[in-house]
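Visitor: Would you mind keeping the following structure in view while I ask a few things?
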Amino acid sequence: MVLGVGGGIAAYKVCELLRRLTESGHRVRVVPTAEALRFVGEPTWAALSGQPVATGVWDGVHEVPHVRIGQEADLVFVAPATANIMARAAAGLADDLLTNTLLTARCPVVFAPAMHTEMWEHPATQANVATLRSRGAVVLDPAVGRLTGADTGRGRLPEPSELFEAARLVLRRGAAAPDLAGRRVVVSAGGTREAVDPVRFLGNHSSGKQGYALARTAAARGADVTLVAANVSLPDPAGVRVVRAGSAVELAEAMEAERVGADVIVMSAAVADFRPVASAASKIKKSPGATPAPIELAENPDILAGLVASRDAEGLAQTVVGFAAETDDVIANGRAKLARKGCDLLVVNQVGGGRAFGTEDNQAVILGSDGSAVDVPTGPKEDLADRVWDLVLPRLG
Ligand code: CTP
């Protein structure tokens, strides 16, 4: 693969990305811009990649590198993608080795932008991003957080571990085009917590890994992804907007706000069906010998059924996917649940006995409202995620 490096301070984080890529067996050719070398020098890129490094088209001309590097690549990944490099790429300029490479590459191209918020939000940058996306590139939205200097906002380069995941997920799709480009996807993940008192809650074992795999794979397929995370301690996936929720009621509110304009909604969060009627204001104490007070419960809203009802009432072309964790009669319970919830697809997991919760692998049957059933054998959670997106695609308007 080609790792294009733009002239931004975040270039230092890309050294770590390069290290991860080479350690996992990828052959990486680093093509920095001249400005990138002001932040991280040529010896660093050459030593970490084990390959020669050039910025211009006049080095090693007999090997025609300005054409060959792009032609031979399986992936071109540009990080940090500055406003300048994206403007040059959008305009089709070919004034250094990286822009030449971008013009000759026919493989997937990913830009991971990093810049100050004002530069990211500027209409010129947004127009360039839209142009690059319309031509089939994946442009990962920058993360929100601390920027260089004292300011905070959108424009931060995602963490190297998550950039690595993004590169890996695009690479595993081979030459496939980003088929969710232009689609807005909302995924809920994790498990809700219902407060009993200031220190205790009713919750569940959901780790959020399946929901995060759905968000990561959708971003790698070019979607505009919002992840509504309930009590998940995983790192934010690159290119994904993360919204946090704690309880079922908070999750319902977040989903109600995010459903607007969504093409696809996936409810992979494990929602508590009940919450304590009242959360004690102070920590509940035990009295020796006394019977503990019962916890009175109230039913939580069914978020998935509510999303389907809103969609139908408003006549929206929206595909809604539910999840179901079942311990017994998996298919029969799944079919009944699909009908009850009214969603288009229901991903049914068998849980219990150490299956699914917190593990890296998952196995499921994906039931369709059209009567279809697709078996997904045990494999990484991102395999199941990609199967979900494969089945969502033909259902999109
Ligand atoms: N769900 C939801 N709101 C709830 C409960 C569940 O949106 N209050 C969603 C989950 O996110 C999941 C689907 O509904 O996508 C099925 O969740 P599950 O807990 O299996 O369904 P329940 O309706 O709670 O059925 P059960 O009686 O089996 O618990």
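The values are calculated or read from the model by the stated rules, or taken from the named source; none is laboratory data. The structure presented is a predicted model; accordingly, all values stated were derived computationally and were not measured. Don't worry about glycine lacking a Cβ; one is built from the backbone with ideal geometry, like all the others, and counts go over all protein chains shown. For the accessible areas, the whole protein counts, side chains as well, though only heavy atoms, and no ligand, DNA or RNA atoms are used. Shrake-Rupley method; radii C 1.70, N 1.55, O 1.52, S 1.80 Å.
Visitor: So, restricting to helices (runs of 4 or more DSSP H) that lie completely within segment 76-149, which ones have at least 1 residues that are modelled with pLDDT of 95 or more and farther than 20 Å from residue 241 by Cα?
Guide: Of the helices (runs of 4 or more DSSP H) lying wholly inside segment 76-149, those with at least 1 residues that are modelled with pLDDT of 95 or more and farther than 20 Å from residue 241 by Cα span 83-91, 97-104, 123-134.
Visitor: Also, I was wondering about something else. Within segment 265-295, track down each residue that is near the ligand (Cβ under 9 Å from one of its atoms), part of a loop (DSSP other than H, G, I, E, B) and open to solvent by less than 90 Å² (accessible area, probe 1.4 Å).
Guide: Within segment 265-295, 268, 269, 271, 272 meet the criteria.
Visitor: For residue 254, indicate whether it is closer than 30 Å to residue 165 by Cβ, at pLDDT 95 or above and out of contact with any Pro (no Cβ under 7 Å at 6 or more places or on another chain).
Guide: Numbers: closer than 30 Å to residue 165 by Cβ: yes; at pLDDT 95 or above: yes; out of contact with any Pro (no Cβ under 7 Å at 6 or more places or on another chain): yes.
When the stated conditions are applied, residue 254 passes them.
Visitor: Cβ-Cβ below 7 Å, separation at least six or inter-chain, first residue in segment 325-346 and not assigned by the TED database to the domain that holds residue 364, second crowded, with 18+ Cβ neighbours inside 10 Å and not in a loop (DSSP other than H, G, I, E, B): which pairs?
Guide: Hits for this filter: zero, empty list.
Visitor: Can you pull out the residues in segment 359-371 that are at pLDDT below 90 and open to solvent by less than 20 Å² (accessible area, probe 1.4 Å)?
Guide: 362
Visitor: Take the conditions in contact with an Asp or Glu (Cβ under 8 Å, 6 or more places away or on another chain), more than 12 Å from the ligand (Cβ to nearest atom) and either not assigned by the TED database to the domain that holds residue 169 or not charged (D, E, K, R) (or both) and apply them to residue 379. Does it pass?
Guide: On the way: in contact with an Asp or Glu (Cβ under 8 Å, 6 or more places away or on another chain): yes; more than 12 Å from the ligand (Cβ to nearest atom): yes; either not assigned by the TED database to the domain that holds residue 169 or not charged (D, E, K, R) (or both): yes.
Against the criterion (in contact with an Asp or Glu (Cβ under 8 Å, 6 or more places away or on another chain), more than 12 Å from the ligand (Cβ to nearest atom) and either not assigned by the TED database to the domain that holds residue 169 or not charged (D, E, K, R) (or both)), residue 379 qualifies.
Visitor: Output the residue which, of all residues in segment 233-247 that are open to solvent by 60 Å² or more (accessible area, probe 1.4 Å) and part of a loop (DSSP other than H, G, I, E, B), is nearest to residue 112 (Cα to Cα). Working first, answer last.
Guide: Pass one, segment 233-247, residues open to solvent by 60 Å² or more (accessible area, probe 1.4 Å): 233, 235-236, 241, 244.
Now drop any that are not part of a loop (DSSP other than H, G, I, E, B), which leaves 233, 235-236.
Details: 233: 23, 235: 17, 236: 14 Å.
Among those residues, the one meeting the criterion is 236.
Visitor: Can you name the residue in segment 337-358 that is open to solvent by 50 Å² or more (accessible area, probe 1.4 Å) and at pLDDT 95 or above and, of all such residues, is farthest from the ligand (Cβ to nearest atom)?
Guide: Just the residues of segment 337-358 that are open to solvent by 50 Å² or more (accessible area, probe 1.4 Å), to begin with: 339-340, 350, 353-355, 357.
Applying the additional criterion that residues be at pLDDT 95 or above yields 339-340.
Numbers: 339: 12, 340: 7 Å.
Going through the qualifying residues, I end up with 339.
Visitor: Kindly list the number of the only condition in (1) out of contact with any helix residue (DSSP H, G or I) (no Cβ under 6 Å at 6 or more places or on another chain); (2) within 16 Å of residue 103 (Cα to Cα); (3) among the hydrophobic types (A, V, I, L, M, F, W, C) that fails for residue 45.
Guide: Only one criterion is unmet by residue 45, namely (2).
Visitor: Of all residues in segment 321-333, count the ones that are open to solvent by less than 20 Å² (accessible area, probe 1.4 Å) and more than 9 Å from the ligand (Cβ to nearest atom).
Guide: Count: 0.
Visitor: Condition first: within 17 Å of residue 261 (Cβ to Cβ) and either within 13 Å of the ligand (Cβ to nearest atom) or among the polar types (S, T, N, Q) (or both). Now tell me which residues in segment 309-320 satisfy that.
Guide: Residues satisfying the conditions are 310, 318, 319, 320.
Visitor: Give 188, 233, 207 a once-over and let me know the one that is at pLDDT below 95 and not assigned by the TED database to the domain that holds residue 10.
Guide: Values: 188 fails: at pLDDT below 95; 233 fails: at pLDDT below 95.
Exactly one residue qualifies, and that residue is 207.
Visitor: If you don't mind, another one. Pick out the one residue from 230, 213 that is surrounded by 24 or more Cβ atoms within 10 Å (Cβ to Cβ), in contact with a Gly (Cβ under 6 Å, 6 or more places away or on another chain) and over 19 Å from residue 112 (Cβ atoms). Give the steps one after another, and end with the answer.
Guide: On the way: 213 fails: in contact with a Gly (Cβ under 6 Å, 6 or more places away or on another chain).
Answer to the selection: 230.
Visitor: Under 22 Å from residue 165 (Cβ atoms) and surrounded by 14 or more Cβ atoms within 10 Å (Cβ to Cβ), is that true of residue 97? Show your work before the answer.
Guide: On the way: under 22 Å from residue 165 (Cβ atoms): no; surrounded by 14 or more Cβ atoms within 10 Å (Cβ to Cβ): yes.
Against the criterion (under 22 Å from residue 165 (Cβ atoms) and surrounded by 14 or more Cβ atoms within 10 Å (Cβ to Cβ)), residue 97 does not qualify.
Visitor: Separate question: Based on this model, can you work out whether residue 193 counts as of a type in the set (Lys, Arg), within 16 Å of the ligand (Cβ to nearest atom) and more than 16 Å from residue 238 (Cα to Cα)?
Guide: Numbers: of a type in the set (Lys, Arg): yes; within 16 Å of the ligand (Cβ to nearest atom): yes; more than 16 Å from residue 238 (Cα to Cα): yes.
So residue 193 passes the test.
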